[in-house]
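Each remark here refers to the structure printed beneath this line.
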Amino acid sequence: MRKISPMNESGTLFGWAFGDSSRAGDEEYLDQLRRDALANATQDAASRGFDVEPGTESYTVIKPGDTLADDDKTPDQVIVRSTVKLVGPGSDKVHAEGPMNG
């Protein structure tokens, strides 16, 4: 069995931002939502005692009508999800799964 040092432990976490669907075509607005989603993920990570590894963020932008999922909780909103890599002792136990953080 390979033993990983605490310095190499990592997990993943989602951050979220919700916006006005009428601005879904505005890239500057979407960039702001991406920053908001990253800030949300960073705050969530800090509240759990972890850091976010810079440069590991990726984004998913969901516009109304762009998904096969029934999204009745946020109709007419743009949803931006940021996925980040967590670092720190115990972070390997936290993984972004499905719509939530596990």
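The values are calculated or read from the model by the stated rules, or taken from the named source; none is laboratory data. Since the structure is predicted, the reported quantities are computational estimates derived from the model, not experimental observations. No Cβ is skipped: glycine too gets one built from the backbone with ideal geometry, and neighbour counts run over all protein chains shown.
Condition test on Ala45, is it small (Gly, Ala, Ser), at pLDDT below 95 and not in a strand (DSSP E or B)?
no
Looking at this structure, is Ser58 surrounded by 13 or more Cβ atoms within 10 Å (Cβ to Cβ) and either in contact with a His (Cβ under 8 Å, 6 or more places away or on another chain) or at pLDDT 95 or above (or both)?
Answer is no for this residue.
Of the numbered conditions (1) at pLDDT 95 or above; (2) under 17 Å from the mean Cα position of the chain (by Cα); (3) of a type in the set (D, E, K, R), Lys63 fails exactly one; give the number of that condition.
Against the list (1) at pLDDT 95 or above; (2) under 17 Å from the mean Cα position of the chain (by Cα); (3) of a type in the set (D, E, K, R), Lys63 comes up short only on (1).
Of the residues that make up region 83-96, is at least one at pLDDT below 95, touching a Ser or Thr at 6+ places or on another chain (Cβ under 8 Å) and more than 11 Å from Gly11 (Cα to Cα)?
No.
Looking at Ser21, Ser10 in this structure, which one is modelled with pLDDT under 95, in contact with a Leu (Cβ under 7 Å, 6 or more places away or on another chain), surrounded by 13 or more Cβ atoms within 10 Å (Cβ to Cβ) and small (Gly, Ala, Ser)?
The conditions single out Ser10.
Just the residues that are surrounded by 13 or more Cβ atoms within 10 Å (Cβ to Cβ) and either small (Gly, Ala, Ser) or in contact with a Lys or Arg (Cβ under 7 Å, 6 or more places away or on another chain) (or both), please, taken from region 32-51.
Within region 32-51, Ala37, Ala39, Ala41, Ala45 qualify.
How many residues are small (Gly, Ala, Ser) and surrounded by fewer than 19 Cβ atoms within 10 Å (Cβ to Cβ) when one looks only at region 75-95?
Going through region 75-95 one residue at a time, the tally reaches 1.
Are there any pairs, at least 6 apart or on different chains, whose C-beta atoms fall under 7 Å, with the first in region 25-48 and touching a residue at least 24 places away in the same chain (Cβ under 8 Å) and the second surrounded by 17 or more Cβ atoms within 10 Å (Cβ to Cβ) and of a type in the set (Lys, Arg), and if so, which?
Here the result reads Ala37/Arg81, each pair linking region 25-48 to a residue that is surrounded by 17 or more Cβ atoms within 10 Å (Cβ to Cβ) and of a type in the set (Lys, Arg).
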